[in-house]
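Chemist: Take this structure first; my questions come after.
We did not get these values from a lab; they are worked out from the coordinates using the rules stated. Keep in mind that this is a model prediction, so the values were computed, not measured. As a convention, Cβ positions derive from the backbone with ideal geometry for all residues, glycine included, and neighbour counts pool all protein chains shown.
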Amino acid sequence: MVFQTDDDEEEARFLKLCREEHVDVCLTVAASHRLGYMSNLALEHSRGTYWAKFDDDDTYLPEYLNEAIWTIETHNVGLVGKLEVMFYLQSRDALVWRAIASKRNPIAYLQPAKYVQGATMVASRQLWESIRFNDTLTRGEDTDFQKRVAQKGHVILCTSLYNFIAYRRSHLNTHTWLITDEELMRKRAKFVSFGEGIEHLMDSSDFKLPYAPPSNSNPNVQVVTSDTDGFVSGKTSRLEDFRSRLGYTFGLVADVMTHASVSNNVKVVAIHPKKWKYQLEKEHIDVVLVESLWAGLAEEWRYKMRPGYVAPEIKGIVEFCRKKKIPTVFWNKEDPPNFKKYIETASLFDVIYTSHAEYVPKYLERVPHKNVFVMSFSAEPHLHNPIGCRRPKLHNLCFAGSYSAHVYPQRGRDIDMLLDASLDKGVTVYDRYARLPQYVNKTFPAKYKSAVVPDVPYEELIQKYKEFKAFLNVNSVRESSSMFSRRVVEILASGTPVISTPGEGLVKWVGTDGVWIVDSLPEASAAIDSVLGDTEGAYLAVKKAMRKIFRYLTFRGFVEDILSKSMKDYEKSGPFGATVLSRMKSTQMGRLKNLIESFSHQVLQDKQLVLVIDVVSGDVVDEVMSAVKSTILSESSDITVLVHSGPVFPFHIASSLCRLLQLADEHTTIRHHFITEFYPSYEYGPHFLDDQLDAFIYTDATIVGKSRHFERDGSVSRSGEEHEFVEKLLPGTAMTSLSLLEHICSLRELPPTTSFKHYATDRYDFAIK
């Protein structure tokens, strides 16, 4: 390591750090020296056969050097590095792939290049001894070095885009390369996954290449760096079982959207066409899922699926899995229009899912088994959720997609109808092909030019779901009992209403809550006026759709269905329930009826109420029990009443709840994983419990409750937030996990509220009376 400083104290701290970290060679130079000089100095003091240049901004995964050395030795080249790289954007919590290769050859793996990223250079010491860094340049020393390497006749070869992550912090001024996230995204960057995907990369197991690790005879690789700051990454895994990934690993061949969704539910190995065999041999794969795709994560699967053609890589994957008894699953999400395109590929797989229920008989005629099932589209709560959806909307209407009237004439007419009704209301059209002049026949007509803007990456678009008052949708397939636009479910899960053309599958799977079905210009105009004129009424309709989606139409459900169909002993997880704790004094028995009704009217089936009644004196116990029996008309296994005549409960809310939990645990069985408290004087609507539980699905909050609420007179409180993370919640509304509450209650001192992450749902289904 070489440290650049003119400060004696800084130098002393650096040398001390080097000793503590057991760095082999530590050198200091004056601040006036150039980076080329520092690189040469480091290499003069090194003893390795190979050298690599590390940048303190970036992350080098465990297989990084193995891959580089394997590439040098196998292909007999002088220098290797990365031309296309993964970037983690901290401000967006997103992983993107930046393609620097040419359009003609979009995948740069093992291709010669003029230059590679300076922070990824790996070469032999012998090469450096003949071509040293220029120590007089103020910038561009890496580019100059590579230029002279090429002039000497040496080949520069690209390694894969994997095993390396360029980390872009939120604060631009902390980087040497002053480029904004927006500028970087425009420079051939493509969304791969959200920050959750970092966990897979950090495992260094998803993207390994078929190289052997260097033998013990290989000397140490020396690292040249100009700073001591490193990068420690990786989001902490979710604490609650309710949100954690299932304990299975999927080998996955899919496009970006499906990959992002599946990887939030199981560990994913993104199968690559050039290294699939190594991946399947190295990893313990439980199921291989292949979807009808167009390009894959980074164009690696483009043109591998087309009519009448089965890619040899797909054949090889299926044959390998059959020998190893790994179940294989194919999902044709493009049925019915692309049945012929994918049928030859689909017929190889053990289990087949189709997005068009009417085609199940056609598959059964063509495949050698009966494992053909229906699966339409779902939402992924980690990506598609109502967090922040109650903020003021920035725009009125939006349509995202392509025109493609020459392929689907009815689609063209439907888009015209929706946009003609929207132009004077304020509409934004994200055109999928705006930046692709070769698809001029798929772009929008000139009359919509004022509304059309270029498409945005997927992770940006799903954030825009919440910026508009409503989205417009066209179902290209109308007559299907299961096929409909994927975007509808994602938008509704994000808390935004949809104005859509008819679709049989949409009505059957999603319903009409939050969806305004229109089939004419007058109907479209009326629906738009209705949604824009009553945004609160529209939100209440969307709430009904969200409940259905988070319970029945999530990718967790799809993944579990795949496991149950492909693994004989797999049992789907059951629904989660909630235990309600409550307490009242014997002098407050008039509130008993309100409490019992609030609990009994909850639509959540898996629920339990444990009520503790504090009696003032022993002579009123019979009176209390009589009142309880008359209020609870029939015996219910869901309700347990404990009459308590011991010490008075502590006044502090948390301490009181802990005492309630203790009594409940001593005298009955707490049956559910989530705990909340009902105040007898408050009113809880029928969806209070299930709405709170849903929030644990789509947030990483430790406590969920209410912030804004209805007052006694029916008015809405002036303060408070809805669908936001907050500092505190209203007493009598908080729900948390049983394990967390038990942990809190075991502590000698209650932790500060800042120790927990609070999420406030909306104001509905709760009132202070």
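Chemist: Going by amide H atoms built from the backbone, whose H comes under 5 Å of the H on residue 331, apart from near neighbours?
Modeler: 290, 291, 292, 353
Chemist: Moving on to the next point. With bins 5 Å wide starting at 0, give me the P(r) of segment 249-374 over every alpha carbon pair, in whole percents.
Modeler: 2, 12, 23, 25, 22, 13, 4, 0
Chemist: Among 725, 599, rank each residue by its count of other Cβ atoms within 10 Å, from fewest to most, as a rough exposure measure. If you can, show how the numbers build up before the last one.
Modeler: Details: 725 15, 599 22.
Fewest-to-most ranking of 725, 599: 725, 599.
Chemist: Quick check: residue separation of residue 31 and residue 755 times 0.36 nm, minus the Cα distance between them. What number comes out in nm? All intermediate terms of the calculation are to be shown ahead of the outcome.
Modeler: Working: separation 724, 0.36 × 724 = 260.64 nm, distance 4.30 nm.
Net length gain for the segment: 256.3 nm.
Chemist: Let me ask something additional. Please state the charge dipole magnitude for segment 541-631, taken about the Cα centre, from unit charges on C-beta atoms (+1 on K and R, -1 on D and E), reported in debye and rounded to the nearest 20. Before the final figure, lay out each step's value.
Modeler: Values: 15 positive and 10 negative charges, 132 e Å.
It works out to roughly 640 debye.
Chemist: Using 7 Å Cα-to-Cβ label points, what is the residue 114/residue 91 separation (nm, one decimal)?
Modeler: Modelled inter-label distance: 3.0 nm.
Chemist: Aspartates and glutamates within cross-link reach of residue 114: Cα-Cα under 18 Å, excluding same-chain residues under 8 positions apart?
Modeler: Answer for residue 114, where 18 Å is the Cα cut-off: 84, 141, 142, 144, listed by chain and number.
Chemist: Mind computing the radius of gyration and Dmax over the alpha-carbon atoms of segment 395-552? Å is fine for both.
Modeler: 14.7, 43
Chemist: Please work out the FRET efficiency for the pair residue 73 and residue 179, using the Cβ-Cβ distance as r and a Förster radius of 30 Å; give the result to the nearest 0.05. Write out the running numbers ahead of the final one.
Modeler: Values: r = 34 Å, r/R0 = 1.15.
Computed FRET efficiency for residue 73 and residue 179 comes out at 0.30.
Chemist: Once you have the alpha carbon radius of gyration of segment 362-479, what is it after dividing by 2.2 N^0.38 Å, with N set to its residue count? Write out the running numbers ahead of the final one.
Modeler: Values: Rg = 17.4 Å, N = 118, 2.2 N^0.38 = 13.5 Å.
Compared with the compact-globule rule of thumb, segment 362-479 sits at 1.29.
Chemist: Could you tell me which of 410, 389, 421 has its Cα farthest along the dipole of segment 383-458 towards the positive end, charges placed at Cβ (Lys, Arg +1; Asp, Glu -1), taken about the Cα centre?
Modeler: 389
Chemist: In debye, nearest 20, what is the charge dipole magnitude of segment 249-374 about its Cα centre with +1 on Lys and Arg Cβ and -1 on Asp and Glu Cβ, if you could check?
Modeler: Details: 19 positive and 15 negative charges, 77 e Å.
Roughly 360 debye, rounded to the nearest 20.
Chemist: Could you list 389, 26 in order of exposure, starting from the residue whose Cβ has the fewest other Cβ atoms within 10 Å?
Modeler: Working: 389 21, 26 18.
In increasing order of surrounding Cβ atoms, one gets 26, 389.
Chemist: Kindly provide the GluC sites (Glu not before Pro) of segment 529-627 that DSSP labels as loop, not H, G, I, E or B, and whose Cβ sees at most 16 other Cβ atoms within 10 Å. Write down the numbers at each step before the final one.
Modeler: On the way: sites: 536, 560, 571, 597, 623; in loops: 571.
Passing both the DSSP loop test and the Cβ count: 571.
Chemist: Further question on the same structure: Please give the length that would be gained between residue 407 and residue 347 if that part of the chain were fully extended, namely 0.36 nm times their separation in residues minus their C-alpha to C-alpha distance (nm, one decimal).
Modeler: 18.9 nm
Chemist: By count of other Cβ within 10 Å, fewest leading, how are 56, 414 ordered? Could the numbers behind the result be given before it?
Modeler: Working: 56 14, 414 24.
Result, fewest neighbours first: 56, 414.
Chemist: By how many nm would the segment from residue 667 to residue 325 lengthen if fully extended, with 0.36 nm per residue of separation less the alpha-carbon distance? All intermediate terms of the calculation are to be shown ahead of the outcome.
Modeler: On the way: separation 342, 0.36 × 342 = 123.12 nm, distance 4.94 nm.
Result: 118.2 nm gained on full extension.
Chemist: Also, quick follow-up: Based on the Kirkwood radius over alpha-carbon pairs, what is the Stokes-Einstein translational diffusion coefficient of segment 578-768 at 37 °C with 0.692 mPa s viscosity, in µm²/s? Working shown, then result.
Modeler: Values: Rh = 17.1 Å.
Here the translational diffusion coefficient equals 191 µm²/s.
Chemist: How big is the charge dipole of segment 488-581 about its Cα centre, in debye rounded to the nearest 20, if each Lys and Arg gets +1 on its Cβ and each Asp and Glu gets -1 on its Cβ?
Modeler: On the way: 10 positive and 12 negative charges, 101 e Å.
For segment 488-581, the charge dipole is close to 480 debye.
Chemist: Treat each spin label as a single point 7 Å out from the Cα along the C-beta direction, and report the residue 147 to residue 47 distance in nm.
Modeler: Result: 3.6 nm between the two label points.
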